[in-house]
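J.: Mind having a look at this structure? Questions to follow.
Every number in this text was worked out from the coordinates using simple rules, so none of it is lab data. Quick caveat: nothing in here was measured; it's all calculated off a predicted structure. Glycine also receives a Cβ, built like all others from the backbone with ideal geometry; neighbour counts cover every protein chain displayed.
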Amino acid sequence: MASARILAVDDSPTILAMLEEILVSAGYEVLTAEDGAEALESARNGKPDLILLDVMLPKLDGYRVCRLLKFDQKYKAIPIIMLTAKAEEQSMATGLRTGADQYLTKPVEPERLLEAVADELARAEG
Amino acid sequence: MSGHETRLEHDLTAEQGERFREYIHEHSGIHLDEGHTDSLRISLMTRATRFGHESLDRYYELLVADETEFRELMNLITINETSFFRFPAQFEALRTFVVPEILDTRSPAVRSFRTWSAGCSTGEEPYSIAMTLLDAGIDSLGHHAEVLGTDVSTHALERARAGVYPPRALLNVPRDRVDRYFEPTATGHRVTDPVRDVVDFRYQNLIKGPHPSALMGNWDVIFCRNVTIYFRIESTRRVVESLFERLNPGGYLFIGHSETLTGISNRFETIEVGGVFLHRKPTSAVRASVPQTPRPARAAAAAEAPQVPVRAVEPEAPASEPSDAAAHLRDARAFADNGDFDAALERLTEALRIDPTLAAARYILGLIHLRAGRTDDAIAEFRRTVGADDDFVLAHLNLGNLHRSRGEHAEACREYEAALGALERSPDGAWSEFLGGFEPEVLIATCRRSLDQCQRIGGRG
Ligand SMILES: C[S@@+](CC[C@H](N)C(=O)[O-])C[C@H]1O[C@@H](n2cnc3c(N)ncnc32)[C@H](O)[C@@H]1O
């Protein structure tokens, strides 16, 4: 997987920059979005191979973004990894039913993040 | 509905029906079985036509994206949907955890255990509560249960008072409870007197108020499940606030299993019991409208949202003295994390009045401006942040990003360099609490890469 394109979504610009750093230094191409509406737009137009989606987002929350994409024949194959803070773990069941492919709890270790990304990309490939 | 009418291309297909039912179930706990297909179809057509949507798939998309529309639809589909022991795990938590805890911790002089079922519909919920309290052995412990059911639907209240249910309504009630708490009559199953004796019903509108004096307070437990899903968010906030006031300290609020208090109220402690999330009013005299603040977090533990204790914890000493700038700062952060920026701003202003050099307060202020798209204000505030504490790495980083996005590469480079310098000097300064749990190495790499790009574009280096 030479250069998969990954859409990273988080409402904190500094965290987003760090996510970008982790992904870029692992050789991925990265798109970013800071709110749900932007994420949806970018998911539809930017043709990402995978989406890293924070749950707490302004405008449309992460679950909604996920559900809208997974509902759509055109985009439902894109793997989605949800990033969640501890306090939101109670919604995990909702997230899984929402169709997210994987869940990571913040703070997430860079290695763990990259592992999950590689796993999901491989799965989508295979 | 009159006026312009768009004809729908298709009727509700079986597949669409399934999708809508699933979505509705997930978001309201209301399960629409085959018997409801007609009501579902008519409601969907009505709403979809209203938006001029020619296909129900389009309307589904709207429904998923728009919470208000979901409520509108639910209003049409069903309002009184309820059942005995709906989400049984909550009643188990009430019996095995909440009742013993409350009885253990309060003054032995208090003899009644008071539960309010707000939005009780046709009575299944308050009767289930009463049965659960009797099963918990409240009587033998020398207490007596008082359960009050209230609703706006007079029709529902009439049926609740009658307390007679068709056999179908008892399908999910365990056999032994049916035997203990129901008696067969000609018209259906009637709730037995020992249960009826502890339950009372009254008309009350949660939205409109005023509350009848019987409702003023001293509730040990309040159930308000699947009621506010029909409300606008501001109303829900007001209702939950008022429920909070009416609870005894240490009392519990039960909300629907698919509902959340996130963005509604942060005054409750959230506790997990056997897979059920319960919301408890803290026992210490915490000042009004002070959110639960995260523990004075060590850098590594500073996730961006308030932490949820896995079990009941004794509340800490009252958060702070009002004059304590750091306490205002903690509150502000909790508010900001919850998306309540107005409340956060108020606290920040207060914190900065006490201590104008509080860099972290300036930083959060900058983030709030940034979020609202006020980039000039954000830049000014981040400048003040580094004015107060030149080692505040994240403020430099944000300044770098802002300047870069404006094409001001020389300034951006300077800020990234400043960030790197500050990282070296004080790798765990006050700013590191805002790192979202990432290691400083990631941040160093982030700054280096940004600096690199900036230098290349800006023609430096
Ligand atoms: C779906 S039922 C939920 C019943 C029960 N709490 C449960 O979870 O099974 C919602 C109930 O809330 C009531 N309700 C709606 N708006 C209300 C209001 N403003 N004040 C009081 N009750 C209201 C409705 O009449 C209805 O009976």
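J.: When DSSP beta bridges are limited to those with both residues in the range B:65-189, what percentage is antiparallel, rounded to the nearest 5? Please report the intermediate quantities before stating the final value.
T.: On the way: 2 of 9 bridges.
Beta bridges within the range B:65-189, antiparallel portion: roughly 20 percent.
J.: To check you understand DSSP bridge types, tell me what percent of the beta bridges within the range B:88-280 (both residues inside) are antiparallel, rounded to 5.
T.: Once the DSSP bridges in the range B:88-280 are tallied, antiparallel ones form about 40 percent.
J.: Starting from the Cα of residue B:186, step 7 Å along the direction of its Cβ; do the same at residue B:357; then give the gap between the two resulting points in nm.
T.: My value for the distance between the label points is 8.7 nm.
J.: Another question, if that's okay. Search the structure for amide H atoms under 5 Å from the amide H of residue B:116, placed 1.01 Å from N in the peptide plane, and list their residues when 5 or more places away or on another chain.
T.: Amide H to amide H, under 5 Å and 5 or more residues apart or across chains, residue B:116 pairs with B:148, B:221, B:222, B:223.
J.: Right, another one. Using the count of nearby Cβ atoms within 10 Å as a rough guide to exposure, how do B:228, B:68, B:46, B:270 rank from fewest to most?
T.: Numbers: B:228 25, B:68 9, B:46 13, B:270 20.
Result, fewest neighbours first: B:68, B:46, B:270, B:228.
J.: Need the full-extension length gain, residue B:216 to residue B:383, defined as separation in residues times 0.36 nm minus the C-alpha distance. One decimal, nm.
T.: Working: separation 167, 0.36 × 167 = 60.12 nm, distance 4.99 nm.
Contour length minus Cα-Cα distance gives 55.1 nm.
J.: Beyond 21 Å, how much of the Cα-Cα pair distribution for the range B:88-280 remains, as a whole percent?
T.: On the way: 9307 of 18528 pairs.
When every Cα pair of the range B:88-280 is considered, 50 percent fall beyond 21 Å.
J.: Taking residue A:74 as the anchor, which aspartates and glutamates have their alpha carbon closer than 15 Å to its alpha carbon, excluding any fewer than eight residues away along the same chain?
T.: The reachable aspartates and glutamates, counting only those whose Cα sits under 15 Å from residue A:74, are A:41, A:49, B:57, B:61.
J.: Net charge near residue B:135, counting Lys/Arg +1 and Asp/Glu -1 over other residues with Cβ under 15 Å of its Cβ? Let's see the in-between values first.
T.: Details: positive: B:95, B:175, B:177, B:180; negative: B:92, B:139, B:176, B:179.
Combined, the nearby Lys, Arg, Asp and Glu give 0.
J.: If you don't mind, there's one more thing I want to ask. I need the calculated FRET efficiency for the pair residue B:111 and residue B:428, taking r as the beta carbon distance and R₀ as 51 Å, to the nearest 0.05. Show your work: numbers first, answer last.
T.: Numbers: r = 54 Å, r/R0 = 1.06.
In this case the efficiency is close to 0.40.
J.: If you take the C-alpha gyration tensor of the range B:325-457, multiply each eigenvalue by 5 and take the square root, what semi-axes do you get, largest first, in whole Å?
T.: On the way: eigenvalues 125, 51, 32 Å².
Computed over the range B:325-457, the values are 25, 16, 13 Å.
J.: Which value in nm describes the separation of the simple spin-label points at residue B:375 and residue B:55, placed 7 Å from the Cα toward the beta carbon?
T.: That separation, rounded to one decimal, is 3.9 nm.
J.: Oh, and also: Which ³J(HN,Hα) values in Hz, rounded to whole numbers, follow from the phi angles of the range A:33-50 under the Karplus curve 6.51 cos²θ - 1.76 cosθ + 1.60, where θ = phi - 60° and Gly and Pro get x?
T.: 8, 10, 9, x, 5, 4, 4, 4, 4, 5, 5, 7, 9, x, 6, x, 8, 7
J.: What ³J(HN,Hα) values, in whole Hz, does the Karplus curve 6.51 cos²θ - 1.76 cosθ + 1.60 give for the range B:100-113 when θ = phi - 60°, with x put for Gly and Pro?
T.: With coefficients 6.51, -1.76 and 1.60, one gets x, 4, 5, 5, 5, 9, 10, 4, x, 6, 7, 10, 10, 10 Hz.
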